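The values are calculated or read from the model by the stated rules, or taken from the named source; none is laboratory data. A quick note: this is a predicted structure, and the numbers were derived from the prediction, not measured. Virtual Cβ from ideal backbone geometry, glycine too; neighbours counted across all protein chains shown. What goes into the accessible areas is simple: the full protein's heavy atoms, side chains included, and nothing from ligands, DNA or RNA. Shrake-Rupley method; radii C 1.70, N 1.55, O 1.52, S 1.80 Å.
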Amino acid sequence: MENLKLNVNIAGVSFKNPIIAASGTFGFGVEYKEYIDLNHLGGISVTGLTLEPRKGNPPPRIAETPSGILNSVGLQNPGVDYFIDSILPKLKQYDTNIIANINGNTLDEYCHMATRLQQIDIDMLELNLSCPNVKQGGVSFGTDPEMVYSITKAVKEHSHQPLIVKLTPNVTDITEIAIAAQKGGGDAISLVNTFLGMAIDVKTRRPVLGNITGGLSGPAIKPLALRMVWQVSRAVEIPIIGMGGIMTGEDVVEFLLAGATAVSIGTANLVTPDSMVKILYDFKTYMHNNKVSSIDELIGGLIVKMPT
Amino acid sequence: MSRHIAEVVENIEIACKIYKMTIISNQVAQSAYPGQFIHISIPHDESLLLRRPISINRVNRNNNQVDIIYQVVGKGTKILSGLEKGAELDILGPLGKGFWIPKGTKKIYIVGGGCGVAPVRFIGERWDYLDITSFLGFRGKPWAYQIDEFERFSRKVFVSSDDGTIGYKGSIISLLDKHLSVENPDLVMACGPVPMIQALQKTVLKYDIPCQISLEERMGCGVGGCLVCSCAIGSKDKWDYKKVCTDGPVFWSEEVILDGESETKC
Ligand SMILES: Cc1cc2nc3c(=O)[nH]c(=O)nc-3n(C[C@H](O)[C@H](O)[C@H](O)COP(=O)(O)OP(=O)(O)OC[C@H]3O[C@@H](n4cnc5c(N)ncnc54)[C@H](O)[C@@H]3O)c2cc1C
Ligand SMILES: Cc1cc2nc3c(=O)[nH]c(=O)nc-3n(C[C@H](O)[C@H](O)[C@H](O)COP(=O)(O)O)c2cc1C
Ligand code: FES
């Protein structure tokens, strides 16, 4: 298992393996350091950052649904400055790529975030156009191709690091959004963020979540996510980071075959803190058992006979 | 603080829909202290993704046995109740910041309501050198448990029930109020359903007695990474969401802001 080629390149950034922690599910990484060796990860996309500290949504913020979870955290975070001053130095002690997931309520805020991070030692920016939780935020940007184009373009002008555009799946045609992100200058695309959903407690006749609606993630969304990754991979040239319900090494293989260059793991981190190490191990076992010596053989390797 | 497999040695119904499970866990038995919890992965049903947080009721450091007490309320606890001796559980723990004894504390009151009686027992087991008086509230006799265990370390145990089938009829907090009006303990330590906690907050404020309370909130990771377990901590004008899993579950009573809409089950 030692000679496997696992490293991938995304927009000029080299990842030692394709496993990246998904934003919002892995804190700032350091919370997990007693459970998992952060040096083993390809990268960490940190909790969604905003310009100012943000309290987030009222509890309860999580509901369990069959094979999935709904969350309505609402981007609780200590703000980008606190991240830079107090958290990043701790995270830099580890040998893994750091991705800053940036969020804003206005185009200006997104640009401000990118500017603030220009001189900071992080590997990539991830533009979250998709968080469905925050009232005036995310959803309006990520569902309109024009908006996606202009915001990507504007943020790209303000950023020094390669830019990943993270898409919301709550749209009719994911490919037109992906194309807009590419046209705007996005260096890579990540998808999917959570699907908007809700859960109701029939005893109390109330929504389970304090925010009424929330984002669905976990194995329940995997087929949807996989389909979208496949569609997007056929529509754009830039590399894709695929995610949505990945719990096993074989799930990783599926996303790579569908066209992703790397994957993110989200909900699995909530289930068990050392999930990513286990998933990476299983992925390597798959490669070994199937005589796949390089990850490049898997990326976009889906064998399809297109219906005529 | 680790993830490991624990073996079930006993799992019995000790009151109406309330089970006591004994597991073997060297890590939990050796390092846990009162107020901490374990985060249990539910076996047999992969569609139940999330772990269930359950407080530690008692540990035995000699044979590494750990007791937990849980009420069957939904799918996860139902599956737990069906586990037999020899079953294996994937657990994380001990987790959380539990109760603590400030310097100079001699006399404490322990208050537990419903499922909240289970975690506060560990206080009396661990800190039995203190002068302890216990106040236990139950829905009624069929739901009452472990009163005799509290009698072993308490100077006196007061019991109440909603329907009067055991102990004093009425709320355990009104009973507590009567005692606080004539005697001042150094500290009150409590766990119970939200309405009980809200009544308790008012009572301890009235008599100006320091009080630690253990909170419940729906959890994800249990280790501080996902921010889903927030509760409002601070004062009315200046508060923040803190994490019940790692900043708590135990907080000072005067800092906890409850909106009353939260889950109440026991
Ligand atoms: C720190 C802490 C300690 C706890 N200690 C105990 C204990 O010692 N004994 C005991 O009986 N119960 C305890 N609880 C509550 C216990 O976690 C829930 O009753 C249990 O998770 C319900 O699971 P279920 O699958 O049966 O219910 P379901 O309603 O089917 O669960 C659905 C989801 O909601 C969550 N959930 C439901 N009710 C609660 C609740 N009250 N608090 C938190 N999450 C909830 C579940 O974990 C699960 O994710 C504790 C909760 C916390 C946060
Ligand atoms: C609790 C929680 C918080 C999240 N917070 C963010 C966030 O701040 N920014 C973001 O871009 N995505 C966020 N997401 C979405 C995940 O990064 C990921 O896209 C999604 O959960 C799908 O992957 P999964 O099924 O593996 O969880 C969050 C997801 C969860 C479950
Ligand atoms: S449960 Fe994840 S932060 Fe508390």
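Structure summary
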read-out: Volume per residue of the C-alpha convex hull in the stretch B:107-257, rounded to whole Å³; value: 111
read-out: Shielding of B:45-56 by partner chains, average beta-carbon count, 10 Å; value: 4
read-out: Of B:Lys97, B:Lys206, B:Lys20, the one that fluctuates the most in a GNM where chain B has Cα springs shorter than 10 Å; value: B:Lys206
read-out: A:Asp296-A:Thr248 FRET efficiency (beta carbon distance; Förster radius 25 Å; 0.05 resolution); value: 0.75
read-out: Solvent-accessible area lost in complex, 20 Å² minimum, residues of the stretch B:1-17 relative to chain alone, 1.4 Å; value: B:Met1, B:Arg3
read-out: Burial ranking of peptide ranges A:5-12, A:96-103 (average Cβ count within 10 Å, highest at the top); value: A:96-103, A:5-12
read-out: Beta bridges per DSSP with both ends in the protein assembly as shown, % antiparallel, nearest 5; value: 55
read-out: Where chymotrypsin sites (Phe, Trp or Tyr not before Pro) fall in DSSP loop in the stretch B:1-110, at most 15 other Cβ within 10 Å; value: B:Trp100
read-out: Under 13 Å, Cβ to Cβ, from B:Asp163 - net charge with Lys/Arg +1 and Asp/Glu -1; value: +2
read-out: Whole-angstrom gap from the stretch B:39-101 to the stretch A:12-77, using each part's C-alpha centre; value: 25
read-out: DSSP-defined antiparallel bridges as percent of all bridges, chain A, nearest 5; value: 40
read-out: Residues of type aspartates and glutamates that B:Lys236 reaches as a straight line, Cα spacing below 16 Å, ignoring anything fewer than 8 places off in the same chain; value: B:Glu254, B:Glu255, B:Asp259
read-out: Shielding by partners - mean other protein chain Cβ count within 10 Å, residues of A:60-72; value: 5
read-out: Reciprocal of mean inverse Cα separation for chain B (Kirkwood radius, Å); value: 18.6
read-out: Fraction of accessible area attributable to carbon and sulfur, the protein assembly as shown (%, probe 1.4 Å); value: 50
read-out: Spatially proximal aspartates and glutamates relative to B:Lys20 (Cα-Cα < 20 Å; intrachain offsets below 8 disregarded); value: B:Glu7, B:Glu10, B:Asp67, B:Glu84, B:Glu88, B:Asp90, B:Glu125, B:Asp148, B:Glu149, B:Glu151, B:Glu216
read-out: Which of A:Val304, A:Val148 is most accessible, then next, and so on - probe 1.4 Å; value: A:Val304, A:Val148
read-out: Chain A: calculated mean residue ellipticity at 222 nm from DSSP helix runs of at least 4, using -39500 (n - 2.57); value: -8000 deg cm²/dmol
read-out: Area buried, chain B against chain A - accessible surface, total, 1.4 angstrom probe, square angstrom; value: 2700
read-out: Hz values of 3J(HN,Hα) by residue in the stretch B:144-154 - Karplus curve (6.51, -1.76, 1.60), Gly and Pro given as x; value: 7, 8, 6, 4, 4, 5, 5, 4, 5, 10, 9
read-out: Kirkwood hydrodynamic radius over Cα pairs of chain A, then Stokes diffusion coefficient at 37 °C and 0.692 mPa s, in µm²/s; value: 171
read-out: Exposure rank, largest accessible area first [A:Lys291, B:Lys17; 1.4 Å]; value: A:Lys291, B:Lys17
read-out: Under 28 Å from B:Lys106, Cα to Cα: lysines that are on another chain or at least 8 residues apart; value: B:Lys97, B:Lys156, B:Lys178, B:Lys202, B:Lys206
read-out: Other-chain or far-sequence residues with amide H under 5 Å of A:Ile189's (modelled H); value: A:Val165, A:Ile240, A:Ile241
read-out: Average projected area [Cα convex hull, the stretch B:2-95], square nanometres; value: 5.5
read-out: Ranked packing of B:238-247, B:47-56, A:173-182, B:147-156, most packed first, by mean Cβ within 10 Å; value: B:47-56, A:173-182, B:238-247, B:147-156
read-out: Simple spin-label estimate for A:Gln118 and B:Asp128 in nanometres, 7 Å along Cα-Cβ; value: 6.7
read-out: Solvent-accessible area per residue for the protein assembly as shown (1.4 angstrom probe, square angstrom); value: 41
read-out: Within 10 Å of each Cβ in B:230-238, the average number of Cβ atoms from other chains; value: 2
read-out: Globularity index of the protein assembly as shown, i.e. its alpha-carbon radius of gyration over 2.2 N^0.38 Å; value: 1.03
read-out: Whole-number D in µm² s⁻¹ for the stretch A:152-308, Kirkwood Cα-pair radius fed into Stokes-Einstein, 4 °C, 1.567 mPa s; value: 76
read-out: Most to least packed among B:172-184, A:190-202 [average Cβ atoms within 10 Å]; value: A:190-202, B:172-184
